[in-house]
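Step one of this worksheet: look at the structure below.
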Amino acid sequence: MLNNRIITFILVISIVCCSFVVFASERNTITTADQILKELYQKYITLKTGKNADYIPELAKVNPNYFGIAIVTVDGKIYSIGDVNVPFAIESISKPFVYALALQDNGEQFITDKIGLNATGHRFNSVPAIEEKPDHLQNPLVNAGAIQITSTIKGKTSADKWQRVLNLMQQLSDGKPFLGDAVYQSEMTTNQHNRAIAELLESYKMMHGNPLDAVDRYTKACSVMVTAKQLALMGATFANGGINPLTHQSIISRGYVRDALSIMVVNGLYENSGAWWWKVGLPAKSGVGGGIVAIIPAKMAIVVFSPPLDEAGNSVRGQAVIEEISHQWKLHLLS
Ligand code: GLN
């Protein structure tokens with residue numbers, strides 16, 4: 001009898017202690033992550049170099065002081081600071097996601113043969129990069145490859161094809177990314193360069209369907225508005241092997257996510273991709289809207305939104321913050 005009481009007492013005490021340890025360590029992680037984000041935010045808010053993209057007039061108008069950092073983990077936890085609920089144009093960060101959809105629609109072989117897999121070492125909208133290679137192949141993360149990718153998305157009409165791209169971005173996130181009409185109009189009136197790229201590719205028989213129609217849908221994809229938190233959720237879905245951590249829906253198959261992450265290593269930051277991999281060691285993608293997402297497979301996605309860009313078109317603060325997080329948390333995938 002007495003023995004039973006003692007055993008029950010010990011059991012109750014153990015359960016209370018265990019719960020306390022779990023609770024305390026959970027609290028500790030949260031406090032630590034929040035604290036680190038706060039310190040990074042305060043440190044990098046003073047970094048004022050770079051300038052908004054201005055070849056798309058609407059992007060030049062965005063407040064250059066916006067600064068937000070958001071992290072979403074594969075189990076759906078969200079840590080954030082700053083302007084993380086401000087919608088901004090996703091721009092080139094749409095490319096790895098649309099690439100994954102194209103792989104799902106057409107298979108790896110077709111897409112790889114037609115689009116290419118190697119770094120260009122050139123600017124994201126380079127024409128010489130297309131011309132200098134005898135086979136003209138680029139990769140899915142520069143404008144030429146992404147316009148081609150867009151031309152392969154399946155659908156009965158152009159509107160259906162576009163709707164599938166938008167649906168994808170919504171399903172990868174919280175259902176709320178939307179087409180930013182002002183950015184889209186602004187980009188459509190100034191995208192002669194992209195149209196020229198599409199026609200050039202068409203001259204090499206590398207486009208599927210009407211090239212200008214593909215440019216239109218490509219431009220819409222770039223004009224999708226996301227917040228840093230929504231983009232971090234899209235990234236976390238990739239980190240989670242294609243399964244949305246909040247809805248638990250499988251959006252993209254794991255193998256195609258791996259393909260997209262691989263190409264992000266190769267060319268996610270354009271001509272700075274080599275230096276980025278060396279320093280940071282994470283697949284990442286930037287956009288001229290000032291966003292940048294880095295993905296840590298099976299763990300989380302980190303997003304920074306800060307519009308001023310460097311010469312290559314990558315957010316200056318975004319790169320600095322993610323580089324520091326990678327060092328502090330020892331995230332380099334080869335370390
Ligand atoms: N829509 C932009 C363009 O086509 C995307 C470029 C980018 O984000 N690097 O130029």
Q: Out of Tyr79, Tyr66, report the one residue that is under 18 Å from Ile302 (Cβ atoms) and without any contact (Cβ under 8 Å) to a residue 60 or more places away in the chain.
A: Tyr79
Q | Members of the stretch 18-57 found to be modelled with pLDDT under 95 and either charged (D, E, K, R) or in contact with a Ser or Thr (Cβ under 6 Å, 6 or more places away or on another chain) (or both), listed by number | A | Glu26, Arg27, Asp34
**Q.** Members of the stretch 295-315 that are in contact (Cβ under 8 Å) with a residue 40 or more places away in the chain and within 16 Å of the ligand (Cβ to nearest atom)
**A.** Val303, Val304, Phe305, Ser306, Pro307, Pro308, Leu309, Asp310, Ala312, Gly313, Asn314, Ser315
Q: Could you run through the stretch 51-68 and say how many residues are within 14 Å of the ligand (Cβ to nearest atom), assigned to a loop (DSSP other than H, G, I, E, B) and either under 21 Å from the mean Cα position of the chain (by Cα) or of a type in the set (Phe, Trp, Tyr) (or both)?
A: 5
(Q) For a quick check of your reading of the model, give me the residue pairs whose first member lies in the stretch 204-223 and is closer than 8 Å to Ile147 by Cα and within 14 Å of the ligand (Cβ to nearest atom), whose second is part of a helix (DSSP H, G or I) and of a type in the set (Gly, Ala, Ser), with beta-carbon atoms closer than 8 Å and at least 6 apart or on different chains. (A) Ala214/Ser151; Ala214/Ala198; Val215/Ala198; Tyr218/Ala146
Q: Go through the residues of the stretch 186-202 one by one and say whether even a single one is among the hydroxyl-bearing types (Ser, Thr, Tyr) and either away from the ligand (no atom under 14 Å from the Cβ) or under 20 Å from the mean Cα position of the chain (by Cα) (or both).
A: no
Q. Considering the stretch 91-119 alone, what residues qualify as being over 12 Å from Ala146 (Cβ atoms) and within 16 Å of the ligand (Cβ to nearest atom)?
A. Ala119
**Q.** Candidate set: the stretch 29-62, residues that are in contact with a strand residue (DSSP E or B) (Cβ under 9 Å, 6 or more places away or on another chain) and among the aromatic types (Phe, Trp, Tyr); chosen: the one surrounded by the fewest Cβ atoms within 10 Å (Cβ to Cβ)
**A.** Tyr41
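The values are calculated or read from the model by the stated rules, or taken from the named source; none is laboratory data. In this text, all values refer to a predicted model and were calculated from it rather than measured experimentally. Because the Cβ atoms are built from the backbone with ideal geometry, glycine has one as well, and the counts that use them run over all protein chains shown.
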